[in-house]
1. Restricting to the range 95-117, and then to whatever is buried (at least 16 other Cβ atoms within 10 Å of the Cβ) and touching a helix residue (DSSP H, G or I) at 6+ places or on another chain (Cβ under 8 Å), can you tell me which residue is farthest from residue 181 (Cα to Cα)?
2. Of the conditions (1) in contact with a helix residue (DSSP H, G or I) (Cβ under 7 Å, 6 or more places away or on another chain); (2) modelled with pLDDT under 80; (3) under 21 Å from residue 58 (Cα atoms), residue 166 fails just one. Which one is it?
3. Got a sec? Which of 48, 70, 34 is surrounded by fewer than 22 Cβ atoms within 10 Å (Cβ to Cβ), at pLDDT 90 or above and either closer than 14 Å to residue 87 by Cα or out of contact with any strand residue (DSSP E or B) (no Cβ under 9 Å at 6 or more places or on another chain) (or both)?
4. Could you list, in sequence order, the residues of the range 5-31 that are modelled with pLDDT of 80 or more and under 23 Å from residue 53 (Cβ atoms)?
5. On the given criteria, is residue 56 in contact with a strand residue (DSSP E or B) (Cβ under 9 Å, 6 or more places away or on another chain) and surrounded by fewer than 16 Cβ atoms within 10 Å (Cβ to Cβ)?
């Protein structure tokens, strides 16, 4: 008998504890980062029931979400109905990024799992290099985000430019000046880098390089 979406999500969650996983991110792409993929690579559609070409599913033990763009808001609303998966509408000011969502619901040190074949190493490495060049220390990570340190008021300054990053000062053991930023499309990454270049860096003290 065909599994329901809830049964599929439950089956995935049953693999979390033995592997110390707290969240799993499932994109729409294949190893070539294509938007339109062969049936073999339709894992996001399989786990969520959403059939649009673009979207990312994130599964936690007690909640799940799907992020997609405005082309699919109506379609996703209909297809996710009754699945237990919440629709997150990308590019709306009230919508958290996937990284922000994970920061809100996970504790420091908890693991996020991905299929490494589905994410662009180039995008992650480029973001790391650009942040490091601007004086922001970057810490190793296996997830689709960059963790770095900067000025204590960086969050507020970027917010004024309508760019949101994650302030991690509420994490256990961290203080003001620790941040996380999602690695997104090249244009969005460049927007962040340009904003950082515009911000006065002369007030930075004791930055760990």
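1. 113
2. (2)
3. After applying the criteria, what remains is 70.
4. 5, 8, 9, 12, 24, 25, 26, 27, 28, 29
5. Working: in contact with a strand residue (DSSP E or B) (Cβ under 9 Å, 6 or more places away or on another chain): yes; surrounded by fewer than 16 Cβ atoms within 10 Å (Cβ to Cβ): no.
No.
The values are calculated or read from the model by the stated rules, or taken from the named source; none is laboratory data. Predicted model only: the values in this text are computed from it and were never measured. With ideal geometry, Cβ positions are generated from the backbone for all residues, glycine too; neighbour counts draw on all protein chains shown.
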